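One structure is given here, and the rest of the page talks about it.
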Amino acid sequence: MKHLYLTAFSLALLGGTANAQSLRNTQLHNLKDRSTVHQASHLRANAFSNRAVIWSDDFSVPANWTIGNINDAHNDNWVIGTTPPGGSFAIPPIASTTAANGFALFDSDLLCGNTQNAWIATANPIDLSTEPGVVLQFQQYYRKFQGQCFVETSTNGTTWNTIEVNAGLAVNSSTANPQLLSLDLTNQIGGAPTAWVRFRYQGGCDYAWMIDDVKLITLPPYELITENGFVVPFGDGYEYGRIPQSQLPPSLSVGAQVVNFGGQQQTNVTLTTTITGPGGATVGTVTHTVGTMNHNDTTNAAESFSLPTPTPLGLYTFKFEVSSDQIGQDENANNNVSYRYLQVTQDLYSLDGIGVYPDSIVTLTTLGTGSFTNNNQDVRFLNYYKVQAQQTFTGVEVALNINSSYTQPGSYFIAAVYDTADVYIGTPLSSPLVESDIRVITQADLDNGTAQVAFLNTLTLPVGAYYVAIRAYNESGNDLYILDDLTVPQPFDATMLWLPNDDQSQNIYSNGNAMAIRLSSSPNVAVQETSNLAGVTMYPSPTNGPVEVHVATAGKMTVEVFNALGKLVSTSSFNGTTTKVDLTGNSAGIYTVRVSDGARYNVQRITLK
């Protein structure tokens, strides 16, 4: 299982970082989806396997716990048992060490009250009078929507100190199953003759949180941890898996978070970043001097690293390693090091790192035309890209979820680029800077794992920030899903979602993390040359209203016309080889015309003057 180490200060710091990322003056919302989160297979060793256990419980005896809630009119509560989560968006049960004996579950989705504030607490006080340093360790599985998870402590059973956990998870992402979480509670209950611990969930109709195998263990004397390494090219918090050589800035902000999880002071603490380039050659090293770190201290150690000019193409590895005068006494040397990866490319720009990051650390989920109710036509996924030097771009590449349960041949998408101002304002997104033609997904695309499409015209982007999008369509029951990379946490608006049908009238949402929607400047970006229903022609375009539709082979045909927002504005049928469609009375713009014989279809676009 993965192991996460937290101090109260680091949790506050993570929460502050998330708030600081909300730089745009807009209120964004989130939606639950039905996709499955695919967690990384890499397992970090248990750092504290040699620590003494002060107290433990595996939920095999429910009477060891008390359950309640705070002012919840629906009386939604935790349960102890082996029943997995239910509800419309159920997640799997926790795969904890002793799950068969029972675990604690708050099933927010199944209960689905809108005032949930439920807790589960140790029934009896724990004597910690001889234990000045205390670590709470437990296994958890949690998928985040909009709720909050808290660990709370008390020395009298009535007054509670609160620490939020899982705050750094992206919406619709989850922890590992299980994740081993270690939380330093020395300052809260260390040395207390009576101590209580409880878990509290606050939210409403979210997913689920499960807890098992809870322990209080002794605090290690020496334990420095390096985590949350970062490589930020533009100083705005966004990290990229691939950056074209032409878009690289002169320097990168590199570093990591350093935590003193041990009980003793550490002196002369440093964080050294070593950068290796293509072929494993060392490109450079930078060292950040932290100095003295006391128990519970957390710091972000960042330095600027100047890139060689020109920067050779290829994979760059950033190794972050902490050291100190006492590093030889460290409890676990494995967590003294963390890594980030960046590929410098000729022409491909990607927020995601799929195919760049080692498979052992990659965490993926997926979003598509089946993720959101009543939104299987023209659901739009948008990735943020910074253009730091004017460049001409030619098209888009997407990485597909090739599982046949998700993506099927016959679905299709249109690529588009939008100004960030249009996205943040929440407009109908009807004014793209450029779009592509229809791109129908084929079996060859699923075999390759990617699909490319060229813009109708090349697009020269000046310096600024943009959203690169796909407009995804289900066709005749065939869905389209794109991979979403959760490996590196991103700012809240790195990936956005636009829904054409939204009963909340928000339309634009902050969803996803780093979707595999990539911007290309390659002159050879793929153009799909054939369609499923061949021999279809439409004219004139542009038109003042009337459009003639011709098919090469006579048959019973259906003609549907959609406007730029994906709304169906006209439908008709004919039996033969020709028909007329009149768009008179509709607003000027680009319209999508779909002709189908029930088994095959052809999609083209018409411009209405």
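Has region 513-522 got any residue that is among the β-branched types (Val, Ile, Thr), part of a strand (DSSP E or B) and open to solvent by 10 Å² or more (accessible area, probe 1.4 Å)? No; the residues of region 513-522 include none that is among the β-branched types (Val, Ile, Thr), part of a strand (DSSP E or B) and open to solvent by 10 Å² or more (accessible area, probe 1.4 Å).
When the criteria are applied in full, Leu497 meets the requirement of being touching a residue at least 24 places away in the same chain (Cβ under 8 Å), assigned to a strand (DSSP E or B) and surrounded by 14 or more Cβ atoms within 10 Å (Cβ to Cβ).
Restricting Thr299, Thr309 to residues that are in contact (Cβ under 8 Å) with a residue 40 or more places away in the chain and open to solvent by 70 Å² or more (accessible area, probe 1.4 Å) narrows the list to Thr309. Take the residues in region 209-227 that are crowded, with 22+ Cβ neighbours inside 10 Å and out of contact with any Phe, Trp or Tyr (no Cβ under 7 Å at 6 or more places or on another chain); name whichever of them is nearest to Leu461 (Cα to Cα). Per the criteria, the residue is Leu224.
Among the residues of region 463-477, the one identified as modelled with pLDDT under 95 and outside any loop (DSSP other than H, G, I, E, B) is Glu475. In region 542-564, of all residues being in a loop (DSSP other than H, G, I, E, B) and either open to solvent by less than 60 Å² (accessible area, probe 1.4 Å) or free of Cβ contacts under 8 Å to residues at least 40 places away in the same chain (or both), the one that is farthest from Ile414 (Cα to Cα) corresponds to Gly545. Of the strands (runs of 3 or more DSSP E) lying entirely inside region 143-185, those carrying at least 1 residues that are buried (at least 18 other Cβ atoms within 10 Å of the Cβ) and polar (S, T, N, Q) are 148-154, 179-184.
Considering (1) assigned to a strand (DSSP E or B); (2) hydroxyl-bearing (Ser, Thr, Tyr); (3) open to solvent by less than 20 Å² (accessible area, probe 1.4 Å), say which one Thr460 fails and leave the rest. Unmet condition: (3). If the condition is being of a type in the set (Val, Ile, Thr) and either assigned to a loop (DSSP other than H, G, I, E, B) or free of Cβ contacts under 8 Å to residues at least 40 places away in the same chain (or both), then region 341-381 contributes Ile354, Val356, Val362, Thr363, Thr369, Thr373. Taken residue by residue, region 351-358 has at least one member that is β-branched (Val, Ile, Thr), touching a Gly at 6+ places or on another chain (Cβ under 6 Å) and crowded, with 19+ Cβ neighbours inside 10 Å.
Quick grid of which residues meet (1) under 27 Å from Asn161 (Cα atoms); (2) modelled with pLDDT of 95 or more; (3) not in a helix (DSSP H, G or I):
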residue: Ser10; (1), (2), (3): yes, no, no
residue: Thr36; (1), (2), (3): no, no, yes
residue: Phe59; (1), (2), (3): yes, yes, yes
residue: Ile80; (1), (2), (3): yes, yes, yes
residue: Thr97; (1), (2), (3): no, yes, yes
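The conditions of being aromatic (Phe, Trp, Tyr) and closer than 25 Å to Ser510 by Cα are not met by Tyr316.
Residue by residue, here is whether (1) within 26 Å of Gln343 (Cβ to Cβ); (2) not β-branched (Val, Ile, Thr) holds:
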{"residue": "Leu486", "(1), (2)": "yes, yes"}
{"residue": "Gln490", "(1), (2)": "yes, yes"}
{"residue": "Leu499", "(1), (2)": "no, yes"}
{"residue": "Ile508", "(1), (2)": "no, no"}
{"residue": "Gly512", "(1), (2)": "yes, yes"}
{"residue": "Val525", "(1), (2)": "yes, no"}
{"residue": "Met538", "(1), (2)": "no, yes"}
{"residue": "Asn544", "(1), (2)": "no, yes"}
{"residue": "Val547", "(1), (2)": "no, no"}
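Take Asp206 and tell me if it is surrounded by 21 or more Cβ atoms within 10 Å (Cβ to Cβ) and in a strand (DSSP E or B). When the stated conditions are applied, Asp206 does not pass them. What residue, among those in region 490-535 that are in contact with a helix residue (DSSP H, G or I) (Cβ under 9 Å, 6 or more places away or on another chain) and not β-branched (Val, Ile, Thr), is modelled with the lowest pLDDT? Step by step, filter region 490-535, then rank; the result is Phe492. When each of Glu303, Glu331 is tested for being at pLDDT below 95, charged (D, E, K, R) and either part of a loop (DSSP other than H, G, I, E, B) or farther than 16 Å from Asp485 by Cβ (or both), the lone residue that passes is Glu331. With respect to the conditions (1) within 30 Å of Gln264 (Cβ to Cβ); (2) open to solvent by less than 10 Å² (accessible area, probe 1.4 Å); (3) at pLDDT 95 or above; (4) not charged (D, E, K, R), Phe230 lacks only one, and its number is (2). Restricting region 431-447 to residues that are open to solvent by less than 60 Å² (accessible area, probe 1.4 Å) and in a loop (DSSP other than H, G, I, E, B), the residue that is farthest from Ala534 (Cα to Cα) is Pro432. Among the residues of region 79-118, the ones that are surrounded by 21 or more Cβ atoms within 10 Å (Cβ to Cβ) and under 29 Å from Pro220 (Cα atoms) come to 4 in all.
The values are calculated or read from the model by the stated rules, or taken from the named source; none is laboratory data. Computed from a prediction, not measured in an experiment: that's the story for all the values here. Every residue, glycine as well, gets a Cβ built from its backbone with ideal geometry; the counts of neighbours run over all protein chains shown. Each accessible area value is taken on the protein alone, full model and side chains, heavy atoms only, with ligands, DNA and RNA left out. Shrake-Rupley method; radii C 1.70, N 1.55, O 1.52, S 1.80 Å.
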